[in-house]
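S.K.: Once you've had a glance at the structure underneath, I'll fire off some questions.
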Amino acid sequence: MGIDDAFDAFQKTVNEDIDKTRLARERRDLFKTALLSEPDVVETFGSGSLSRSTQLKPIHDVDVVIVYDPDEHPEWGNDGPSAQDALEHARTQVNRLLSQTNGTHANEVRHTLVRNHAVKCFLDDPEDPEAFTVDVMAALRQEDGSLLIPEKLNTRWVPANPEYLIGQVADHQRDWPHFRPLVRVLKQWRLTAPVQGRIKSLVMEVLALNCMPRFGNRSQALKTFFTAAAVRVHEGVWDPAGLCGQIQPDLDHAGLSDAFTDAADLAERACAAAAEGDTDNALRLWQKIFGDDFPAPAAPAKPASLITGTPALITARPIKDAPQG
Amino acid sequence: MLILIPQSAAAIMRSSGPWGRLSLRINHPERFAVVRGLSERGDGIFPVEPPPEHRLLGSYPPVSTGWWCRVHADLHLMWLALSARRGMLMKLDAFKAAVPNGYKAPGDPGYWAITHAPGLKDAYPEHNLPDLVAWHVTREGAQPISVSVEPEATGICQLKDHWPVHELQNTRIMLIGAGSIGSATAHALAGYGIGHLTLVDPDRLDWHNLVRHTSARRHIGRSKVTALAEDLAALRPDTTVTPWALDVIEHADQIRALLADTHLVVCTADGVAPRRVTGHLARRAGLTAVLACVLQDGALGEILRLRPWPQHGCLTCRRQSLAQAGGLDPEPALDAGYGTGTRHRPMTAVGSDLHLVAQLAAKTAVATILERAGHPDQRLPGEHALLGLRRQPDWAPPFDLGHTAELRWLPATPPISGCPTCEAP
């Protein structure tokens with residue numbers, strides 16, 4: 001198996017099943033359509049990783065933004081109780097339109113909860129840890145095109161621009177077709193990275209935006225990414241739109257940098273092995289980075305040695321005596 | 001003999017035809033010439049020279065001394081064969097037969113000829129023959145002459161397939177200190193293809209600087225940054241240089257504003273205070289600073305990379321760590337408060353040792369930029385380099401280098417609690 005074939009095969013293990021992705025989109029679109037029929041709603045759009053096609057499996061939730069008409073809610077947008085009011089208003093609309101028992105548009109929502117920034121709508125049994133939810137976020141459009149989002153706990157409205165990130169990801173993808181698939185790969189990689197605490201998936205996505213090249217093959221691009229990310233994670237990972245500040249202030253920056261450095265070392269060796277025509281060794285090195293789901297090289301037809309189970313012999317490459325002055 | 005063919009002249013011979021007159025500027029003692037003008041057929045010669053500042057052999061008079069003409073590809077194959085053997089001539093009849101238009105019979109002194117053979121790649125794809133070659137044509141025959149055709153690109157873009165030229169051309173570095181180490185650092189940074197250099201130094205070039213500085217005697221009395229900018233413009237035109245005759249301490253506000261448009265800072269200034277101020281300004285701007293100097297009167301070269309990262313201490317914290325470990329003894333006359341002490345000790349090191357430190361400083365700066373851009377082959381082994389220049393015994397660790405030219409890299413040390421530079425304002 002060649003390197004490209006191996007990446008293709010590995011990608012299939014990372015990607016969510018197409019039918020499940022389609023179902024998630026249908027459920028999201030149901031909310032968009034239903035809420036857009038309300039007289040005080042001016043637009044609805046999907047947000048989150050599904051809207052950027054960078055979602056990791058399994059898809060448990062999707063995000064929908066409901067942009068309201070400020071003339072219909074003149075008190076919204078100011079700090080105070082209006083933040084919770086807006087979320088309660090959205091919740092009321094969802095229940096009226098989509099409640100399982102008496103929804104006027106469809107009967108899908110079994111339960112709703114008002115969270116800090118969104119109304120979490122359960123389409124499955126809320127007790128089920130795998131329950132699928134739609135997060136409905138109320139918003140007001142500002143003059144500069146960004147949004148104001150209610151924040152219940154702090155009783156205030158905060159600026160955000162999720163469409164900026166959607167646009168940035170789409171732009172990168174237009175330039176280089178491997179971008180979105182590799183973001184999913186990196187989000188998967190983070191789950192086993194040896195760091196203290198968790199790594200938010202958005203951290204990986206923004207680092208990919210900042211560090212992934214827009215050309216070349218996947219091997220070279222990952223080598224570049226890991227090298228650059230090992231440095232840039234020290235600088236903090238910030239909202240690309242410049243509105244929401246640092247994405248995960250409690251991130252283990254040093255630990256993640258070390259993990260990136262280790263991956264960069266292996267990726268560099270994998271690229272060098274591939275350039276020397278040693279595909280098997282390259283595959284083994286990529287497998288060290290991404291785990292056993294990355295395809296291993298085919299086993300040799302006959303054991304190369306009577307002693308089985310020994311690691312592959314990696315010989316150092318001699319330097320050519322071709323002096324240049 | 002070597003004949004240089006400027007690109008403009010080559011373009012005319014490649015696109016016009018079939019023959020014309022040739023004017024050269026010739027340096028007979030050094031046996032080379034440059035094409036100065038051409039004609040089409042028997043018309044008047046028109047100049048093909050670049051502007052005077054880039055003109056070759058500008059002090060030599062132009063001489064109408066030959067011809068150029070379009071020829072069969074076979075003639076250039078013969079040129080290659082004859083060139084391989086010293087003193088070989090081609091018979092005049094054979095030369096004449098290969099020139100379908102514009103052949104001129106030579107008089108007593110002979111003449112120089114440049115021949116253009118189109119379609120060589122198709123005719124002889126295996127030989128990589130030049131399409132423009134030169135001859136000295138006399139009554140005895142035609143002798144092959146070496147030519148050098150100016151290529152389309154002569155700058156850093158020649159290396160674009162082997163070196164990340166694009167990234168570095170889009171990089172802006174501020175260099176604070178344009179003295180002995182600084183001037184050589186500027187040349188090295190430009191050599192790496194850095195697209196823009198901002199030079200900061202308030203001093204003028206003086207007589208005593210000549211022994212170590214890269215600028216020549218003709219610049220004495222001028223601002224060091226202006227002289228350096230002029231030298232670099234002539235030598236490395238791919239690097240744009242902005243000179244500022246400013247003092248990093250006195251004009252810190254102006255420097256701070258300039259840092260907004262900077263990717264990395266290199267400091268080669270003398271003394272403790274300017275280095276501290278540079279490190280502080282860079283950290284506040286979120287930029288990496290690379291500090292280069294010599295210690296012990298030039299016996300030891302030192303490069304410090306100060307990254308604006310939470311785990312990496314500033315210059316003061318790093319120095320304090322070394323002092324606490326017994327490795328470094330602060331110089332009381334230099335390490336004084338503002339307005340007291342002396343600014344720096346007079347330089348006693350030899351110029352080339354300082355230039356060696358400068359090269360390492362430039363490499364550190366460029367490697368820092370490239371690692372951040374994702375080039376694993378540019379990762380450095382540490383944050384603090386020590387280079388033996390005139391090693392002496394019994395220096396305290398980590399300065400206890402065993403040999404001259406030994407290079408030791410050390411990690412960063414963390415910020416010290418309460419540091420006004422490392423902690424957020």
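S.K.: When the residues of segment A:27-47 are narrowed to those that are within 24 Å of A:Leu165 (Cβ to Cβ) and polar (S, T, N, Q), which ends up farthest from the chain's Cα centre (by Cα)?
M.R.: A:Thr33
S.K.: Filter segment B:215-230 down to residues that are open to solvent by less than 50 Å² (accessible area, probe 1.4 Å), in contact with a strand residue (DSSP E or B) (Cβ under 7 Å, 6 or more places away or on another chain) and not in a loop (DSSP other than H, G, I, E, B) and give me whichever is nearest to B:Trp244 (Cα to Cα).
M.R.: This residue is B:Val225.
S.K.: Considering segment A:222-264 alone, what residues qualify as being open to solvent by less than 30 Å² (accessible area, probe 1.4 Å) and of a type in the set (Phe, Trp, Tyr)?
M.R.: Answer for segment A:222-264, where residues must be open to solvent by less than 30 Å² (accessible area, probe 1.4 Å) and of a type in the set (Phe, Trp, Tyr): A:Phe225, A:Phe226, A:Phe260.
S.K.: Any residue that is open to solvent by 70 Å² or more (accessible area, probe 1.4 Å), within 30 Å of B:Val290 (Cβ to Cβ) and in a loop (DSSP other than H, G, I, E, B) - is there at least one of those in segment B:164-186?
M.R.: yes
S.K.: Still on this model: Does segment B:198-210 include one or more residues that are more than 18 Å from B:Val265 (Cβ to Cβ) and within 18 Å of the chain's Cα centre (by Cα)?
M.R.: If we filter segment B:198-210 for residues that are more than 18 Å from B:Val265 (Cβ to Cβ), which is where we start, we get B:203-210.
Then drop every residue that is not within 18 Å of the chain's Cα centre (by Cα), which leaves none.
Within segment B:198-210, none of the residues are more than 18 Å from B:Val265 (Cβ to Cβ) and within 18 Å of the chain's Cα centre (by Cα).
S.K.: Quick one: in segment A:209-221, of everything that is under 16 Å from the mean Cα position of the chain (by Cα) and not aliphatic (A, V, I, L, M), which residue is least open to solvent (accessible area, probe 1.4 Å)?
M.R.: Looking only at segment A:209-221, we keep the residues that are under 16 Å from the mean Cα position of the chain (by Cα), and these are A:209-212.
Applying the additional criterion that residues be not aliphatic (A, V, I, L, M) yields A:210-211.
Values: A:Asn210: 81, A:Cys211: 8 Å².
Checking each candidate, the answer is A:Cys211.
S.K.: Only residues in segment B:369-384 that are over 17 Å from B:Pro164 (Cα atoms) and more than 8 Å from chain A (Cβ to nearest Cβ) count as the first member; pair them with residues that are in a loop (DSSP other than H, G, I, E, B) and open to solvent by 30 Å² or more (accessible area, probe 1.4 Å), Cβ under 8 angstrom, at least 6 apart or cross-chain, and list the lot.
M.R.: Close Cβ pairs satisfying both conditions: B:Gly382/B:Pro411; B:Glu383/B:Pro411; B:His384/B:Pro411.
S.K.: Return the pairs, sorted by first residue and then second, in which the second residue is part of a helix (DSSP H, G or I) and open to solvent by less than 30 Å² (accessible area, probe 1.4 Å), the first residue lies in segment A:223-250 and is more than 9 Å from every other protein chain (Cβ to nearest Cβ) and under 30 Å from A:Ala275 (Cβ atoms), the beta carbons are less than 6 Å apart, and the residues are 6+ apart or on different chains.
M.R.: A:Val233/A:Leu256; A:Val233/A:Ser257
Rundown of residues vs (1) within 19 Å of A:Val185 (Cα to Cα); (2) part of a helix (DSSP H, G or I); (3) at pLDDT 95 or above, yes/no style:
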residue	(1), (2), (3)
A:Gln248	no, no, yes
A:Leu266	yes, yes, yes
A:Cys271	yes, yes, yes
A:Leu283	yes, yes, yes
A:Gln287	yes, yes, yes
A:Pro297	no, no, no
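S.K.: List the number of the failed condition for B:Asp122; all other conditions in (1) part of a helix (DSSP H, G or I); (2) in contact (Cβ under 8 Å) with a residue 24 or more places away in the chain; (3) open to solvent by 20 Å² or more (accessible area, probe 1.4 Å) hold.
M.R.: (2)
S.K.: Continuing with this model, one more query. Being under 14 Å from A:Asp63 (Cα atoms), surrounded by fewer than 21 Cβ atoms within 10 Å (Cβ to Cβ) and out of contact with any Leu (no Cβ under 8 Å at 6 or more places or on another chain) narrows it down to one residue among A:Asp124, A:Asp135; which is it? Can you show your working first?
M.R.: On the way: A:Asp124 fails: under 14 Å from A:Asp63 (Cα atoms).
The match here is A:Asp135.
S.K.: Could you tell me how many of the residues in segment B:38-77 are in a loop (DSSP other than H, G, I, E, B) and either surrounded by fewer than 19 Cβ atoms within 10 Å (Cβ to Cβ) or touching a residue at least 60 places away in the same chain (Cβ under 8 Å) (or both)?
M.R.: Looking only at segment B:38-77, we keep the residues that are in a loop (DSSP other than H, G, I, E, B), and these are B:39-40, B:42-45, B:48-51, B:55-61, B:71-72.
Narrowing further to those that are either surrounded by fewer than 19 Cβ atoms within 10 Å (Cβ to Cβ) or touching a residue at least 60 places away in the same chain (Cβ under 8 Å) (or both): B:40, B:42-45, B:50-51, B:55-61, B:72.
Total meeting the criteria: 15.
S.K.: Hey, can you tell me all the residues within segment A:163-184 that are within 20 Å of A:Gln248 (Cα to Cα) and either among the hydrophobic types (A, V, I, L, M, F, W, C) or open to solvent by less than 30 Å² (accessible area, probe 1.4 Å) (or both)?
M.R.: Residues satisfying the conditions are A:Leu165, A:Ile166, A:Val169, A:Val183.
S.K.: Could I ask something else about it? Give me the pairs, please: first residue somewhere in segment A:21-39 and without any contact (Cβ under 8 Å) to a residue 24 or more places away in the chain and in a helix (DSSP H, G or I), second residue anywhere and of a type in the set (A, V, I, L, M) and buried (at least 19 other Cβ atoms within 10 Å of the Cβ), beta-carbon distance under 8 Å, and either six or more positions apart or on two chains.
M.R.: Final answer for the pair search is none.
S.K.: Taking interchain pairs and intrachain pairs at least six residues apart, which have beta carbon atoms under 7 angstrom, with the first residue in segment B:194-211 and open to solvent by 20 Å² or more (accessible area, probe 1.4 Å) and the second aliphatic (A, V, I, L, M)?
M.R.: Sorted first by the residue in segment B:194-211, then by its partner, the pairs are B:Pro202/B:Ala245; B:Pro202/B:Leu246; B:Asp206/B:Ile220; B:Trp207/B:Ile220.
S.K.: Looking at A:Ser219, A:Ser257 in this structure, which one is under 19 Å from B:Ile369 (Cα atoms), within 13 Å of chain B (Cβ to nearest Cβ) and assigned to a helix (DSSP H, G or I)?
M.R.: Details: A:Ser219 fails: under 19 Å from B:Ile369 (Cα atoms).
The match here is A:Ser257.
S.K.: Among residues belonging to segment B:294-314 that are among the hydrophobic types (A, V, I, L, M, F, W, C) and either open to solvent by 10 Å² or more (accessible area, probe 1.4 Å) or more than 29 Å from the chain's Cα centre (by Cα) (or both), point out the one that is nearest to the other protein chains (Cβ to nearest Cβ). Reasoning before the result, please.
M.R.: At the first step, the residues of segment B:294-314 found to be among the hydrophobic types (A, V, I, L, M, F, W, C) are B:294-295, B:299-300, B:303-304, B:306, B:309, B:314.
Adding the requirement that they be either open to solvent by 10 Å² or more (accessible area, probe 1.4 Å) or more than 29 Å from the chain's Cα centre (by Cα) (or both) leaves B:294-295, B:306, B:309, B:314.
On the way: B:Val294: 28, B:Leu295: 28, B:Leu306: 13, B:Trp309: 4, B:Cys314: 15 Å.
Ranking the candidates gives B:Trp309 first.
S.K.: State yes or no: is A:Thr54 surrounded by 20 or more Cβ atoms within 10 Å (Cβ to Cβ) and assigned to a loop (DSSP other than H, G, I, E, B)? Don't jump to the end; show me each part of the working.
M.R.: Values: surrounded by 20 or more Cβ atoms within 10 Å (Cβ to Cβ): yes; assigned to a loop (DSSP other than H, G, I, E, B): yes.
Against the criterion (surrounded by 20 or more Cβ atoms within 10 Å (Cβ to Cβ) and assigned to a loop (DSSP other than H, G, I, E, B)), A:Thr54 qualifies.
S.K.: Tally up the residues in segment B:385-414 that are more than 32 Å from the chain's Cα centre (by Cα) and either within 14 Å of chain A (Cβ to nearest Cβ) or assigned to a helix (DSSP H, G or I) (or both), please. Steps first, answer last, please.
M.R.: Of segment B:385-414, the ones more than 32 Å from the chain's Cα centre (by Cα) are B:392-398, B:400, B:402, B:413-414.
Then keep just the ones that are either within 14 Å of chain A (Cβ to nearest Cβ) or assigned to a helix (DSSP H, G or I) (or both); that gives B:414.
Count: 1.
S.K.: Further, regarding this structure: Let me spell it out: the conditions are (1) more than 13 Å from every other protein chain (Cβ to nearest Cβ); (2) surrounded by 20 or more Cβ atoms within 10 Å (Cβ to Cβ), and A:Thr279 meets all of them except one. Which number is the exception?
M.R.: (2)
S.K.: Across segment A:74-90, what is the number of residues that are free of Cβ contacts under 8 Å to residues at least 40 places away in the same chain and either of a type in the set (Lys, Arg) or assigned to a loop (DSSP other than H, G, I, E, B) (or both)?
M.R.: 2
The values are calculated or read from the model by the stated rules, or taken from the named source; none is laboratory data. Bear in mind that the values here come from a model prediction, so they are computed numbers and not experimental data. Cβ coordinates were reconstructed from backbone atoms using ideal geometry, including for glycine residues, and neighbour counts include every protein chain displayed. Side chains included, ligands, DNA and RNA excluded: accessible areas come from the protein's heavy atoms. Shrake-Rupley method; radii C 1.70, N 1.55, O 1.52, S 1.80 Å.
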